[in-house]
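Everything on this sheet refers to the single structure shown next.
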Amino acid sequence: MTELLTVKNLKTYYPITGGVFGRQIGTIKAVDDVSFSVRSGETLGLVGESGCGKSTTGRSILRLTEPTSGEILFDGVSITRLKPRELRSIRRNLQLVFQDPFASLNPRHNVEKILEEPLVVHGIGSSQERKKRVHEILEIVGLSSYHARRYPHQFSGGQRQRIGIARALITQPKLIVADEPVSALDVSIQSQVLNLMQDLQREFGLTYLFIAHDLSVVRHISDRVGVMYLGRIVELAPKDELYDRPLHPYTKALLSAVPNPDPDAKRERIILQGDVPSPANPPGGCAFHPRCSEAREVCRTTRPPLGDVGDGHYAACHLYNE
């Protein structure tokens with residue numbers, strides 16, 4: 001499979017201002033030197049604690065948040081510095097499914113207008129063709145054409161997320177960034193939405209960047225998984241390799257916290273000490289070393305690169321980079 005998306009050394013920093021004149025007094029390093037690629041037709045999952053930079057990474061790739069530096073290649077084209085008019089022609093192939101299915105839908109518009117708007121923006125089809133496409137896409141995501149006349153508040157959470165998926169799908173994109181698309185839904189509805197996304201991927205050849213904090217959800221839908229900590233990817237591997245043989249101490253701690261449905265299964269619970277450091281003042285060396293039970297002196301002074309340890313498994317840890 002060819003690489004559809006390539007992210008190189010992506011950084012997204014936010015200024016901290018203070019004082020009477022609002023001068024910059026610091027920097028929040030939300031995304032700090034992230035690199036990865038997504039192959040056409042696959043799903044790459046991004047996991048990590050809240051505040052680790054997952055959502056900012058996704059928004060920076062779509063340039064909803066402007067990255068500070070780095071390069072983003074989509075389908076062989078560098079989109080990092082494209083002007084708004086040039087970016088618009090590519091945007092129809094880059095779509096986003098938001099976390100909150102209610103806040104992301106305009107309450108003043110009915111479903112038909114919400115779904116038709118992307119087609120109008122990109123100049124796709126005549127008015128009649130757009131309305132036909134809206135009804136078709138509603139059927140595809142498991143709703144009915146008569147739902148087009150209703151408003152967002154008249155739907156359940158799961159139905160609203162289906163509308164959000166339909167809006168992302170209606171321009172026939174190549175890549176969809178799904179930012180916690182099921183975290184606001186009941187568990188029973190989560191499985192329905194995940195199965196829908198997998199069916200749509202097979203039918204339309206979609207590529208997903210799937211952002212979540214629920215490790216069981218990510219394992220269900222992803223082909224490969226990247227683990228983020230404090231704005232950096234610390235481990236990246238095929239899903240079975242990552243879940244069966246985690247290498248980074250942070251990944252091990254995350255996986256040890258996943259509930260096991262087998263009451264007789266015994267698993268060592270790894271309790272992390274301390275709190276996540278502030279991205280405004282990250283630790284030197286390996287960002288995880290203040291909480292790592294296996295940290296050594298080199299971890300305090302030298303930042304480990306994301307190194308290949310074999311079989312497509314990458315880890316940013318001095319324990320394996322020697």
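Bear in mind that the values in this text are calculations on the coordinates, not laboratory data. Only a predicted model underlies this, so the values are computations on that prediction, with no experimental measurement involved. As a convention, Cβ positions derive from the backbone with ideal geometry for all residues, glycine included, and neighbour counts pool all protein chains shown.
The gain in end-to-end length when the T301 to N110 segment is fully stretched comes to 63.2 nm, 0.36 nm per residue minus the alpha carbon separation.
Could you tell me what fraction of 2.2 N^0.38 Å the Cα radius of gyration of region 46-97 comes to, as a two-decimal ratio?
Working: Rg = 11.8 Å, N = 52, 2.2 N^0.38 = 9.9 Å.
Compared with the compact-globule rule of thumb, region 46-97 sits at 1.19.
Computed with the Debye formula from one identical point scatterer per Cα of region 27-128, without solvent, the log10 of I(q)/I(0) at q = 0.12, 0.16 Å⁻¹ comes to -0.53, -0.91.
Candidates L10, L64, L44 compared by Cα position along the dipole of region 1-74: farthest toward the positive end lies L64, with charges placed on Cβ. Relative to the Cα centre, the charge distribution of the chain, modelled as +1 at Lys and Arg Cβ and -1 at Asp and Glu Cβ, gives a dipole magnitude of about 1220 debye. Each 5 Å bin, from zero up to the one with the longest distance, holds this percent of the alpha carbon pairs of region 220-287: 3, 14, 22, 23, 18, 12, 6, 2, 0. At q = 0.11 Å⁻¹ the log10 of I(q)/I(0) for region 1-82 amounts to -0.34, computed by Debye summation with a single uniform scatterer per C-alpha, solvent ignored.
Using the reciprocal of the averaged 1/r over all distinct C-alpha pairs, how large is the Kirkwood radius of the chain in Å? Taking the inverse mean of 1/r over all distinct Cα pairs, the chain comes out at 21.1 Å. Label sites at A257 and S40, each approximated as a point 7 angstrom past Cα along Cα to Cβ, lie 3.8 nm apart.
Per residue, the average separation of C-alpha pairs within less than 8 Å and at least 6 apart gives the chain a relative contact order of 20 percent. Computed from Cα positions, the angle between helix 157-169 and the longest principal axis of the chain comes to roughly 80 degrees.
Cβ-to-Cβ counts within 10 Å put V47, V276, V217, V20 in ascending order as V20, V276, V217, V47, the fewest first. Taking the Cα centre of region 68-107 as reference, the dipole from Cβ charges on Lys and Arg (+1) and Asp and Glu (-1) amounts to some 240 debye. Translational diffusion coefficient, Stokes-Einstein: compute it for region 108-256 using the Kirkwood radius over C-alpha pairs as Rh, at 20 °C and 1.002 mPa s, and state it as an integer in µm² s⁻¹. Answer, rounded: 126 µm²/s.
What does the charge dipole of region 16-140 about its Cα centre add up to, to the nearest 20 debye, if the Cβ of each Lys and Arg holds +1 and the Cβ of each Asp and Glu holds -1?
Values: 18 positive and 15 negative charges, 96 e Å.
Dipole of region 16-140, to the nearest 20 debye: 460 debye.
When K113, K266, K131 are ordered from fewest to most other Cβ atoms inside 10 Å of their Cβ, what list results? The partial results should precede the final answer.
Values: K113 14, K266 6, K131 17.
Neighbour counts put them in this order, fewest first: K266, K113, K131.
Only alpha carbons enter this Debye calculation for region 76-153, each as an equal point scatterer, and the log10 of I(q)/I(0) it gives at q = 0.10, 0.21, 0.24 Å⁻¹ is -0.30, -1.06, -1.21. Compared with the dominant Cα axis of the chain, that is its longest principal axis, helix 111-121 is turned about 80°. With neighbours defined as other Cβ atoms within 10 Å of a residue's Cβ, the residues V298, V141 order from fewest to most as V298, V141.
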